[in-house]
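Here the structure is laid out as structure tokens; the discussion comes afterwards.
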There are 2 protein chains.
Amino acid sequence: MTRPTPLSGFPEWLPAQRLAEQQVLDRLRRTFELYGFAPLETRAVEPLDQLLRKGETSKEVYTLRRLQAAEGDDEQSLGLHFDLTVPFARYVLENAGKLQFPFRRYQIQKVWRGEKPQAGRYREFLQADIDIVDRDSLPPHYEAEIPLVIGDALRSLPIPAVKIMVNNRKLCEGFYRGLGLEDPEEILRIIDKLDKIGPNAVTQLIVQAGGTEAQAKACLALAEIRAHDASFADAVRALGVEHPLLDEGVSELTAVVETAREHSPGLVEATLKIARGLDYYTGTVYETELAGYEQYGSICSGGRYDNLASAGRDVFPGVGISIGVSRLLGLLFDADALAVSRPTPTAVLVALWSEEERAASNRIAASLRARGIATEVAPVPAKLGKQIRYAERRGIPFVWFPASASIEGGDQVKDIRSGEQVPASSDEWNPPAEDMAPVLR
Amino acid sequence: MTRPTPLSGFPEWLPAQRLAEQQVLDRLRRTFELYGFAPLETRAVEPLDQLLRKGETSKEVYTLRRLQAAEGDDEQSLGLHFDLTVPFARYVLENAGKLQFPFRRYQIQKVWRGEKPQAGRYREFLQADIDIVDRDSLPPHYEAEIPLVIGDALRSLPIPAVKIMVNNRKLCEGFYRGLGLEDPEEILRIIDKLDKIGPNAVTQLIVQAGGTEAQAKACLALAEIRAHDASFADAVRALGVEHPLLDEGVSELTAVVETAREHSPGLVEATLKIARGLDYYTGTVYETELAGYEQYGSICSGGRYDNLASAGRDVFPGVGISIGVSRLLGLLFDADALAVSRPTPTAVLVALWSEEERAASNRIAASLRARGIATEVAPVPAKLGKQIRYAERRGIPFVWFPASASIEGGDQVKDIRSGEQVPASSDEWNPPAEDMAPVLR
């Protein structure tokens, strides 16, 4: 076998990075559970026809085939899921009779997209999603709750400040309809390109789509509105457009912004240019900026969807958001902006005087582990300096010297950073709390 | 969309089962880290030629294709990994310069095999692996350490007793060679079938492979040996066969059995019929029986491998074991033998008097969450009885009544199981420790 090389688009972390990732995931889980979200996983595969319901993502899907499938095998075509929302909607329909609604779940899993890899964009990546779905109808206050959860979750991490930008599809649709524009979805798709192509090109596109210059100007004026509080509503009303759907959207977005302002001032900003590409959103939409990494795009996005999960008369509207964990960590790792204090869980290395004394070193290790202290025994009875260097190279902070003919008195433990060495009993000694496990920083 | 149905071989758990699975995984992780294993994940895909190096598994591999890949696209053929050992060996080769050896890692991930689904056998399933690899050579004491880790990990779970059955490839090969049999791998493959086809058929196969009846009898006598201590070695020697490789194997297996006996009496049994199908094992091999579930086969298997990871002159011998988490949980769930105390993380439901008072209920929830108490706010300001039933249906043990015009005095909290209701402050009240989170049992 020749030395293998990485596959573009399929990132793999080194152990220290995976330790960091795991601590990030543990903190996200912790916050999600504090809000009552239950954990869930779905299978990695979905029937291909389900994955292709939304035509625009079809090009990104990986299809599967059993290598030894016979010609006549009448197996269903399967593909790897490209997000966690579509599988979750399917899961809800499939298990509706066994779930309690409103149902809140979180789901942390890999997804796959056959896109061209680039900075922050992978072919295999980890997402952490939360969603709340209800049967028949979903009260809008859940759209206000999602940013609180995500705010708490992301602020539990040692990462730059996060800003959640929110908008509301009803607000935009109502505004466009109130203006007299007849294809609000087309306008939304045009506005979605604003940051990329600029206001002049947006005006052109709206005019091409049958709008007037004045209508385009009004759409751009709406897209410029940003505010951390309910004052965005005054700015909207100042544009003089009226429509019942606009009122509904303004009222829902006001609740989202004001609920967040009470909980976490500065976290959420009404940002009326936010459109989100995907068609299935029907109410609040979310995007997120990480301070200093704005150019890489949103690291956490989502929204309310009313029509994703339905079978016959059963409908299950939902609202959810997805943290792009791989994107977030990839950017921070590349910038050396996130790490753990040591690349191993091990806090103590028990030295080994001779292979015959391994059982004695094992007993000490077992005694420390029984009290929650991560411990390894030295691989070989090398010279003491070599055993200490073994610990040093790994970032293991303590080396334990078992009592033996080679050492006066009882066991001793050495902090190899300070050099301090003290008598110790494996039934009682504890490392300082900050040395118990690798610390995320 | 019609109501979807499950895909055979792709199990999905209900939320309560996933809560149980997650607690199982947390405990496994905890034990692995106490022994100094660092977490690792590898990508789900490997180049197809790597996956097919071992011909016997080729029929099980799922291959991938981008749906929109053009004819001329010269992309490498990829397949989903069917275990975690092959990807780990590849990872070690790829990252050898960045790892510290001996390197110990654990890896908990899904794997995929296109096999026919049956009880305890899935097409997508979760494995939890630990491995220790070293550069150039690996001391045999690591083969004795693996059962200690697995013993501690599995005994941290509320599951039936586990027995780890161990054997050693050198012992068998040395014995067969000492007997004068020239294709020890073939004999091993035949002995592997003993439980399935019985001793007479095994004798026939050995004779067909060129052995004598007497040699077959000796092989069967070896396969019958079982002992919880070093006495297995006496039984081997009583068969009167001699070979240097046999001595080496006996000595290594003695160390494995005796190390385990000191650590966890009864956990490990030398069981000389254990062969393991895979070709790459070269020393100790492990299989595991779960009391009461023996007929479903091993739930945790592995062994030492010397030749899995090598590139040019670099060789990385290793030893590892893999817990079949999905198989284990599937069997226990089917038997109603593993569950959590409630199907939601939520400990407290904060009642809601009116939609206008939602902010007040949110504040109470935030105050409880800040002290680690998982809390939801009621979805709608329904009648109190209905809110209590909402909590009951989900197994949420406490309902919180905010102070309001509707209630005398300050906040109160009710244990809806006992009916006991007491005044409480959201800054101070705590549920009993056993109600903080769902308990695995």
### Query
What's the average, rounded to a whole number, of partner chain beta-carbon atoms within 10 Å of each residue's beta-carbon in A:253-266?
1
### Message
Please list, in order along the stretch A:279-291, the HN-Hα scalar couplings obtained from phi with the Karplus expression 6.51 cos²θ - 1.76 cosθ + 1.60 (θ = phi - 60°), rounded to whole Hz, x for Gly and Pro.
### Response
6, 7, 6, 10, x, 4, 10, 10, 9, 9, 10, 9, 4
### Query
Nm distances between the label at A:Gly385 and the same-position labels in the remaining copies, 7 Å along Cα→Cβ, shortest first?
8.3
### Query
For B:Leu14 and B:Ser137, what does the FRET efficiency come to when R0 = 45 Å and r is the distance between their Cβ atoms, rounded to the nearest 0.05?
0.40
### Query
Using unit Cβ charges (K, R positive; D, E negative) and no other charged atoms, how large, in debye to the nearest 20, is the dipole of the protein assembly as shown about its Cα centre?
80
### Query
Can you sort A:Glu248, A:Glu75 by how many other beta carbons sit within 10 Å, fewest first?
A:Glu75, A:Glu248
#### Entry: Distance (nanometres) between label positions extended 7 Å along Cα→Cβ at A:Ala230 and A:Glu356
8.3
#### Entry: Gain in span if fully extended, B:Ala69 to B:Glu115, counting 0.36 nm per residue against the direct Cα distance
13.9 nm
### Task
List the distances, in nm and shortest first, from the label point of B:Asn430 to the matching label points in every other copy, placing each point 7 Å from Cα along the Cα-to-Cβ direction.
1.5
#### Entry: Dipole-positive endmost among A:Ser156, A:Val422, A:Cys172 within chain A (Cβ charges, Cα centre)
A:Val422
### Task
Quote the FRET efficiency, to the nearest 0.05, computed for B:Asn430 versus B:Arg189 with a Förster distance R0 of 45 Å and r equal to the Cβ-Cβ distance.
0.15
### Task
Can you tell me how much longer the chain between A:Ser418 and A:Ser404 gets when fully stretched, taken as 0.36 nm per residue apart minus their C-alpha distance, in nm with one decimal?
2.7 nm
### Query
Under 5 Å between amide H atoms, partner at least 5 residues away or on a different chain: which partners does B:Val377 have, H built in plane at 1.01 Å?
B:Val350
### Task
May I ask you to compute the full-extension gain from B:Ala161 to B:Asn95, defined as 0.36 nm times their residue separation minus their alpha-carbon distance, rounded to one decimal in nm?
20.0 nm
### Query
What does the charge dipole of chain A about its Cα centre add up to, to the nearest 20 debye, if the Cβ of each Lys and Arg holds +1 and the Cβ of each Asp and Glu holds -1?
1200
### Task
Summarise the partner chain shielding of A:9-18 as one whole number: the mean count of Cβ atoms from other chains within 10 Å of each residue's Cβ.
5
### Task
May I ask you to derive the FRET efficiency for B:Glu258 and B:Ile197 from their Cβ-Cβ distance with R0 = 35 Å, giving the value to the nearest 0.05?
0.60
### Query
What is the Cα centroid distance between the stretch B:182-216 and the stretch A:271-334, reported in whole angstrom?
61
### Task
Could you list, in their original order, any pairs among B:Lys170/B:Lys217; A:Lys116/A:Lys196; A:Lys217/A:Lys273; A:Lys163/A:Lys217 whose Cα atoms are separated by more than 25 Å?
A:Lys163/A:Lys217
### Message
7 Å from Cα along Cα→Cβ at both A:Glu213 and A:Glu392: what's the point-to-point distance in nm?
### Response
7.5
### Message
Below 8 Å between Cα atoms, with a sequence gap of 6+, how large is the relative contact order for chain B in percent?
### Response
16
### Task
With a ≥ b ≥ c taken as the square roots of the eigenvalues of the C-alpha gyration tensor of the stretch B:348-435, please select rounded if a/c is under 1.5 and otherwise prolate if a/b is larger than b/c or oblate if it is not?
rounded
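Read-outs: derived from the displayed coordinates by stated rules, not from any lab. Quick caveat, the model's predicted, so the values are computed rather than measured. Heads up, the Cβs are rebuilt from the backbone with ideal geometry, glycines too, and the neighbour counts pull from every protein chain shown.
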